[in-house]
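Heads up: the structure comes next, in structure tokens.
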Amino acid sequence: MCFSAQADLVGGVVLGAIGFDALRHIPQRPRHRALAALPLLLAAHQFVETFVWWGLQGHVSSAVGDLATWLYLLFAFWVLPIYVPLAVFLIEPPGRRRRIIAGFVGLGAIVSTTLLLAMLDGSVTATLGDHHLSYGIGLHAGFAVTACYVAATCGAMLFSGYRQLFLFGLVNLVAIAVLARLAISGFASLWCAWAAVTAAVIALHLRHGETHRSRIDVLI
């Protein structure tokens, strides 16, 4: 994904199938609704980026491409930083872990607000990069905001009592750090593609995942 419009299309189809499979298991796990919906949301996200590619390549009008860019970044920058920790918060039973995860929800809200204000005040751009799209919103202190973004989206999972989600958050943390290091301007495109691929873990968790368990509290 993210390497071309065609890759985004294929990725969106695959993610859509994963998402529908995840939703099939909701009746047994009603508190997992928000988490189960994430693969489908990421599938739609990949489809939207297809139009960003096409707009930059001249296959659709610039107005359509600009709208797709805004929609893509609104989801990546405004929705995901708070949606991901909130989805983890909702499935965690009351206790110390849930209180800690609530802090990541708050951090995600701060990141979402910061990025949204930057989008509204700055110039939203998308350019063709080397096998990815580079997005710009005129954000100052971009590295610090990116670090908080990573903390908000991965931190909640690191404190989850579900082993699959803990491992998912750990792998994502390493992958995101590498992607941000490689291409800070292409972070949104590259990370969302990676998150879309690994969203299969969510479906596996819903299909085969264990019930909540207390791990050794090495992180808290």
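The values are calculated or read from the model by the stated rules, or taken from the named source; none is laboratory data. Treat the numbers as computed from the prediction; the structure is a model and nothing was measured. Reconstructed Cβ throughout: ideal geometry from the backbone, glycine too, with neighbour counts over all protein chains shown.
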* **Qualifying position, being at pLDDT 90 or above, within 25 Å of Ala5 (Cα to Cα) and not in a loop (DSSP other than H, G, I, E, B), among Thr69, Thr127** => Thr69
* Please find, within region 99-117, the residue that is surrounded by the fewest Cβ atoms within 10 Å (Cβ to Cβ) out of those that are of a type in the set (Gly, Ala, Ser) and in contact (Cβ under 8 Å) with a residue 24 or more places away in the chain. => Ala109
* **In region 13-42, the residues that are of a type in the set (Gly, Ala, Ser) and either at pLDDT 80 or above or surrounded by fewer than 16 Cβ atoms within 10 Å (Cβ to Cβ) (or both)** => Gly16, Ala17, Ala34, Ala36, Ala37
* Residue that is out of contact with any strand residue (DSSP E or B) (no Cβ under 7 Å at 6 or more places or on another chain) and closer than 29 Å to Ala5 by Cβ, where the choices are Ile110, Ile176 -> Ile176
* To do: Give the residues of region 84-98 that are touching a residue at least 12 places away in the same chain (Cβ under 8 Å) and either in contact with a helix residue (DSSP H, G or I) (Cβ under 7 Å, 6 or more places away or on another chain) or polar (S, T, N, Q) (or both), sorted by residue number.
  => Val84, Pro85, Leu86, Ala87, Val88, Phe89, Leu90, Ile91, Glu92
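Residue-by-condition table, conditions (1) in a loop (DSSP other than H, G, I, E, B); (2) within 30 Å of Trp54 (Cβ to Cβ); (3) at pLDDT below 80:
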position	(1), (2), (3)
Ala76	no, yes, no
Val79	no, yes, no
Ile101	no, no, no
Val105	no, no, no
Leu115	no, yes, no
Val150	no, yes, no
Gly169	no, no, no
Val174	no, no, yes
* Answer yes or no: is there a residue in region 43-63 that is touching a Lys or Arg at 6+ places or on another chain (Cβ under 9 Å), of a type outside the set (D, E, K, R) and modelled with pLDDT of 80 or more. => no
